[in-house]
1. Could you check, for region 53-66, whether at least one of its residues is more than 23 Å from Tyr159 (Cα to Cα) and within 16 Å of the ligand (Cβ to nearest atom)?
2. Of the conditions (1) within 16 Å of Lys53 (Cα to Cα); (2) within 16 Å of the ligand (Cβ to nearest atom); (3) among the hydrophobic types (A, V, I, L, M, F, W, C), Val90 clears all except one; give me its number.
3. Can you find even one residue in region 71-82 that is within 15 Å of the ligand (Cβ to nearest atom), closer than 14 Å to His103 by Cβ, among the charged types (D, E, K, R) and under 19 Å from the mean Cα position of the chain (by Cα)?
4. Are there any pairs with C-beta distances below 9 angstrom linking a residue in region 80-93 that is within 14 Å of Tyr62 (Cβ to Cβ) to a residue that is open to solvent by 20 Å² or more (accessible area, probe 1.4 Å) and among the hydroxyl-bearing types (Ser, Thr, Tyr), with the two at least 6 apart or on different chains, and if so which?
5. I'm trying to understand the selection: among the residues of region 6-32, which are in contact with an Asp or Glu (Cβ under 8 Å, 6 or more places away or on another chain), surrounded by 21 or more Cβ atoms within 10 Å (Cβ to Cβ) and of a type outside the set (Val, Ile, Thr)?
6. For region 131-144, give me each residue that is within 11 Å of the ligand (Cβ to nearest atom) and open to solvent by less than 10 Å² (accessible area, probe 1.4 Å).
7. Can you say whether Glu26 is on the phi < 0 side of the Ramachandran plot and modelled with pLDDT under 95, as far as the supplied structure shows?
8. So which strands (runs of 3 or more DSSP E) stay within region 145-256 end to end and still have 3 or more residues that are within 16 Å of the ligand (Cβ to nearest atom)?
Amino acid sequence: MNLTFYKYQGTGNDFVVLDNRNQDLELSREQVAFLCDRRKGVGADGLMLLQPKEGFDFEMVYYNADGRPSSMCGNGGRCLVAFAQFLGVVEDQAYFLAADGPHQAYLKDGLVHLQMRDVDTIEDLEDACFLNTGSPHYVKQVPALKELDVYAEGRAVRYSDRFKAEGTNVNFVEHQPENKLFVRTYERGVEDETFSCGTGVTAAALAASRAGYTSPVQIEVLGGELQVSFEQEDGQFKNVFLIGPAVQVFHGEINL
Ligand SMILES: N[C@H](CCC[C@H](N)C(=O)O)C(=O)O
């Protein structure tokens, strides 16, 4: 089968994006993993389908690079909104359904503003915390992030007794001056460090609010800059927005 695909990236988190509006695509786990393979396929951290959904502008179906369906992807959601605008499915606002429920989004000044789910609990662990921003995130503050072996440290947490069954994404966070964070993430389902993780930086920003960080938090990731804004009321986080660029890098055809 000859498949037309689009390649997107949001601060270096990259995706194969497919237009499935006529709902004729049924991909196996092996096919998704092949498309995400950086040597034999197109190469990406994940793959997304844009497809119709009653009551929404579209539905987002997301797979991790391992070929398995996944929970919410924040950078992927932002890229899919940009793709929907490119296709003419939306203008500068979108209302779509994803794995963790409905999302509003809007495009302004070249950035995609994606509303993330509300967060009502942050679980304190020994020297970290755990919260779900549409995907599960372990968040640990570290003093010197540049030198950290994120792959080894992240993998150890992801495969620890607590997390080995369901997995978790693992975020290491360095607090910087002027309400800024530097975040690096080991991603479940990619099983490696990615250049950015949208639900991850959202988790890091909400966790940092307990150390005095205020909305909007500026976040540096390996692949660029993101912003997270939120409202907070007795430990509940609402109106959470992940803001950043989403770029269509190229499109092509591949034999599947
Ligand atoms: N790997 C994540 C999903 C993608 C999250 C990330 N790419 C983002 O931008 O939120 C998981 O399995 O929970």
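1. yes
2. (2)
3. yes
4. Cβ pairs passing all conditions: Val81/Tyr106; Phe83/Tyr6.
5. Tyr6, Tyr8, Asn13, Asp14, Phe15
6. Across region 131-144, the qualifying residues are Thr133, Gly134, Ser135, His137.
7. Yes, satisfied.
8. 169-176, 180-187, 192-194, 217-221, 224-233, 236-244
The values are calculated or read from the model by the stated rules, or taken from the named source; none is laboratory data. Note that the structure is predicted; figures quoted are calculated from it, not measured. Virtual Cβ from ideal backbone geometry, glycine too; neighbours counted across all protein chains shown. Heavy atoms of the whole protein, side chains included, go into the accessibility calculation; ligands, DNA and RNA do not. Shrake-Rupley method; radii C 1.70, N 1.55, O 1.52, S 1.80 Å.
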